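To keep things clear, I will list the structure first and then write my remarks on it.
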Amino acid sequence: MKCTLWTSILILALLVACAPVNLNAPAPIFDTGVDPDSWATIPAGTFLQGQAAKPASIDYDYEMMVTDVTLGQYVGFLNEALASGTLKVDGDKIVGPYPGDEFRGVKHEVRIEAGDYIIVPTDDPSSRFTFDGARFMVKATWENQPMTNVSWFGAWTYCGYYGWRLPTELEWEKAARGSGDDRPFPWGYDITRNNANFYTSRDPFENMASFGSRTTPVGFYNGQVYGDYTTLNSASPYGLYDMAGNVWQWTGDVYEGMHYRFLRGGSKDTYDMDLRIWVRNNATPTYFSPGVGFRCARNP
Amino acid sequence: MAKRLNYLFRSTKGLILVAIAMIGLETAMFGMLSGPMAEWGVRDFVVRVLKMDLVQAEREGRIIILYHSIAMAVVAIETYMITSLLKMKEFYKLAVRVLITVGYLLAMVFGMGFAYWGHNWAFHGLYIAGLTLIFFAGVLLTIALWPWNKEYYQTDKAYSRTKKGVDVERVAFFAAALTTVISALFGAIPGSFFGNGFEVFLAENIIRYPEKTTMEYSVIGHLHIMLALIAIMITLIVGRWLNFKGILHKIAMPLIILGTIVLNLGVWGVATPLEPIAHMIIYVGATPAMLGALMLVIFTWDKLIREGVAGIKKPNGWQKLKALLRDPLRFGPMWQMVFMNFTTSFIGIFMAVRLDEIFRVWPAREERIELTGHWHVLSAIIATIILLYYGDMLGLKGKLRKIYGWTIIILSDLACGAVTIFEMKRLFIGEAVQQPLVNTLMLLMDFGLGMLLVVLAMVMIWRLVDLFKKKGRWTEEVEHELSAEVNK
């Protein structure tokens, strides 16, 4: 009897584990009121960098996007760049040119030569866009959500296409922390579930029994009330949104002897500890995921 | 009262009981601050009720103190076992026990006080003082284990010994103790260096950086070797408890000594110009050490089967299997050692072999899950082996012995197996569709570890109640020595 009970529980657990996930489950639509085309100016000067809060300095003004690049923005770029021949279709992916990196032969370093590299996959079911062989379309309800499933090359190409660039890690960190104090989060010293989109933050887009955590629209955590869900205004001191949580953000540094590219900010899939400003993640530049996006920087 | 304190702090079984209780309390209390407990809001409640002061920038430092304080209590338990199982001068036995007991209690109480309740620097000083006392206990233990003293020569030819009679098993204990003391320095020196201003780091967070400082390499080497040495020591302890002897003992002991020394040389080499070949040296060292453990597994299981089928003229396979499984407390430690290969060794080897092709294509945070997962599992397995031995020390018999033993084995293997699948999930499932699997695995992990803690709590409550009895079990245990309880 006992044996049957335990076997049944185990089988039930395994069945639950194998339950299918509806990747196209509709997401609620909320207008955050934050303009994804806006930029924030980060003034030159010192700030406290890293976990140990050491003084660092950036001696020029620069601008960064107030939000992550949205699906609407990125799909527009894909269609434009595909039509202009900047990008091309290569099997199940879109590729674009990259001039290559200097290879130093360091242990574990992978050579990145000049050539075409993946920008986005065209057949990944977790992508929030579709491709009919000629044009890209944003899936319904995802227009104002951050672009995901984009490789570092895809982020680098997007920014470069418009004459911008990916922020360096230092630029990213200053934009997130501001120059006033050693805060661990863009909005201050403590984190609650209503500050950002992270793993089990219980936002209206999440369903931990099925598809898990999903992205929230850019600028979602701005103090607005969406239905019965209240957010806290979690902008950084310079007015940037989603600098903690939602999606990891590609940064632009290419380090000597290392092909990895670095990501900042944590994501919808990580615990709150990874949302701390100084936390670094990295991956190969061809990597893409439903939890990785980016934003651009530019010189004024 | 004095008699009870005498039992708890002077007898072998009392000291082990206190250390297990302290680890259990710490694990239960601080386990509520992470993982699903944080998800469910338990962390916030605990932090509020206990008035903890958790500064975000100090998380890594807190974790380092947390697992050091648990590890010190585990080292203390192993030391109590060694000092009770092996012959040594009474002075050394007493001195080692006093130092390590005061040491781990100081490290645990004041270390955690410092880490989780604001920065009282007197607490930090006492934490360091505790670690220092443990280090000196290690030095004294190494001296006490000196095997080339004729008093400790092995006269029984059934055991591994040199022509002159030196007890090779004692040499293995000595080698493990000596290298543990040396390896502790690989953590202590950079610990002091990085501790100045709290620029701490977790090794798993810097593993991909091509340029690491000598101090960083030293920390990485330290954490690996200390866990490996705790594992080697528990293997030797269990071998002594189960009276490991015969031809397999004669093969195993030199292998374990060789493995211990070469493994240490390799790990120490990580912090030297030998770094590029250090991993190769580590593999060369790990292989004989693991082979030695395999000999112990074969010896014990063979012994269990022989004892179990004694009286049966021609036992069949089923009868042999029943004989093997009839005593979970003696079968269990060996099974856990075998199971460890599936959750730690094989995973580690697979990762090493396919590192650049698979694991380094994924984000560093995925690799971190694998790195931290496999040593958490190894730590948990070592803990269960200690608990199984402790069950035998308690004198559990009959049905209770079976329930206690099988509960520990099944629950821990369920949790550790789930952790292993969780670590490797990216091999067979994508991020977007993983949630139902993750939920199930989390449930299995939490159920396994949670119930294990419940079992431990029940044992601790039983022992606590026993302490209130005038003629409780503790009155008998006060004089017990593990050497007298070695299997015949």
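The values are calculated or read from the model by the stated rules, or taken from the named source; none is laboratory data. On a predicted model such as this, the values are computed, not experimentally measured, just so you know. Here the Cβ is made from the backbone with ideal geometry for all residues, glycine too, and neighbour counts use every protein chain on show.
The residues of the range A:252-269 that are within 12 Å of the chain's Cα centre (by Cα) and under 18 Å from B:ASN205 (Cα atoms), listed by number, are A:PHE262, A:LEU263, A:ARG264, A:GLY265, A:GLY266, A:SER267, A:ASP269.
Could you list, in sequence order, all residues of the range A:22-41 that are more than 30 Å from A:SER210 (Cβ to Cβ) and within 20 Å of the chain's Cα centre (by Cα)? Spell out how you get there, then give the answer.
The initial filter retains those residues of the range A:22-41 that are more than 30 Å from A:SER210 (Cβ to Cβ), namely A:35, A:37-41.
Listed by number, the residues that qualify are A:ASP35, A:ASP37, A:SER38, A:TRP39, A:ALA40.
If you go through the range A:45-68 and keep only what is part of a loop (DSSP other than H, G, I, E, B), away from every other protein chain (no Cβ under 14 Å) and surrounded by 12 or more Cβ atoms within 10 Å (Cβ to Cβ), you end up with A:ASP61, A:VAL66, A:THR67, A:ASP68.
Hey, does the range B:422-444 have a residue that's farther than 22 Å from B:MET37 by Cα, touching a Ser or Thr at 6+ places or on another chain (Cβ under 8 Å) and either outside any helix (DSSP H, G or I) or away from chain A (no Cβ under 12 Å) (or both)? Yes, that holds for at least one residue. When residues in the range A:269-286 are screened for being buried (at least 21 other Cβ atoms within 10 Å of the Cβ), within 10 Å of chain B (Cβ to nearest Cβ) and in a loop (DSSP other than H, G, I, E, B), 2 of them pass.
B:TYR80 meets the stated requirement of being buried (at least 21 other Cβ atoms within 10 Å of the Cβ) and either of a type in the set (Phe, Trp, Tyr) or touching a strand residue (DSSP E or B) at 6+ places or on another chain (Cβ under 7 Å) (or both). Of the residues making up the range B:445-488, just one is free of Cβ contacts under 8 Å to residues at least 60 places away in the same chain, outside any helix (DSSP H, G or I) and of a type in the set (A, V, I, L, M, F, W, C), namely B:PHE468. Residues in the range A:226-265 that are touching an Asp or Glu at 6+ places or on another chain (Cβ under 7 Å), part of a loop (DSSP other than H, G, I, E, B), farther than 17 Å from A:ALA196 by Cβ and of a type outside the set (Gly, Ala, Ser): 5 in all. Contact map, the range A:61-75: first residue among the small types (Gly, Ala, Ser), second residue assigned to a loop (DSSP other than H, G, I, E, B), Cβ cut-off under 7 Å, separation 6 or more or different chains; pairs are A:GLY72/A:GLU143; A:GLY72/A:ASN144.
Of everything listed in (1) surrounded by fewer than 18 Cβ atoms within 10 Å (Cβ to Cβ); (2) closer than 30 Å to A:ALA53 by Cβ; (3) within 13 Å of another protein chain (Cβ to nearest Cβ), the single unmet condition for B:VAL46 is (3). Condition first: crowded, with 18+ Cβ neighbours inside 10 Å and either of a type in the set (S, T, N, Q) or within 14 Å of chain A (Cβ to nearest Cβ) (or both). Now tell me which residues in the range B:331-361 satisfy that. Matches in the range B:331-361: B:GLN336, B:THR343, B:THR344, B:MET351, B:PHE359, B:ARG360. Among the residues of the range B:241-252, just one is aliphatic (A, V, I, L, M), under 25 Å from B:TYR390 (Cβ atoms) and part of a helix (DSSP H, G or I), namely B:ALA252.
Residue check: is B:LYS13 within 23 Å of B:LEU105 (Cβ to Cβ) and outside any helix (DSSP H, G or I)?
On the way: within 23 Å of B:LEU105 (Cβ to Cβ): yes; outside any helix (DSSP H, G or I): no.
No, not satisfied.
Within the range A:192-225, the set of residues being more than 14 Å from chain B (Cβ to nearest Cβ) and part of a loop (DSSP other than H, G, I, E, B) comprises A:ASN197, A:PRO204, A:THR216, A:PRO217, A:VAL218, A:GLY219, A:PHE220, A:TYR221, A:GLY223, A:GLN224.
Taking the range A:288-298 as the range and being buried (at least 19 other Cβ atoms within 10 Å of the Cβ) and either outside any loop (DSSP other than H, G, I, E, B) or of a type outside the set (Lys, Arg) (or both) as the test, the residues that pass are A:PHE288, A:SER289, A:PRO290, A:GLY291, A:VAL292, A:GLY293, A:PHE294, A:CYS296, A:ALA297.
B:ALA484 is checked against (1) modelled with pLDDT under 90; (2) surrounded by 14 or more Cβ atoms within 10 Å (Cβ to Cβ); (3) of a type in the set (Gly, Ala, Ser) and fails just one. What number does that condition carry? All conditions are met except number (2). Which condition number does A:GLY105 fail, the rest of (1) of a type in the set (Gly, Ala, Ser); (2) closer than 25 Å to A:GLN73 by Cα; (3) part of a loop (DSSP other than H, G, I, E, B) being met? Condition (2) is where A:GLY105 drops out. Take the residues in the range B:362-393 that are farther than 30 Å from B:VAL478 by Cβ and polar (S, T, N, Q), then tell me which one is farthest from the other protein chains (Cβ to nearest Cβ). Residue satisfying both the conditions and the ranking: B:SER379.
Check the range B:266-274 and report whether any residue there is modelled with pLDDT under 95 and closer than 16 Å to B:ALA231 by Cβ. Yes, the range B:266-274 contains a residue that is modelled with pLDDT under 95 and closer than 16 Å to B:ALA231 by Cβ. Inspection of the range B:67-90 finds no residue satisfying the criterion of being more than 22 Å from the chain's Cα centre (by Cα), of a type outside the set (Gly, Ala, Ser), over 26 Å from B:GLU476 (Cα atoms) and in a helix (DSSP H, G or I).
Taking the range B:206-240 as the range and being within 14 Å of chain A (Cβ to nearest Cβ) and assigned to a helix (DSSP H, G or I) as the test, the residues that pass are B:ILE206, B:TYR217. All of A:ALA114, A:ALA53, A:ALA44, A:ALA134 fail the test of being in contact (Cβ under 8 Å) with a residue 60 or more places away in the chain and of a type outside the set (S, T, N, Q), apart from A:ALA53. Scanning the range A:171-187 for residues that are within 14 Å of another protein chain (Cβ to nearest Cβ) and part of a loop (DSSP other than H, G, I, E, B), we see that the one that is farthest from A:MET273 (Cα to Cα) is A:ASP181.
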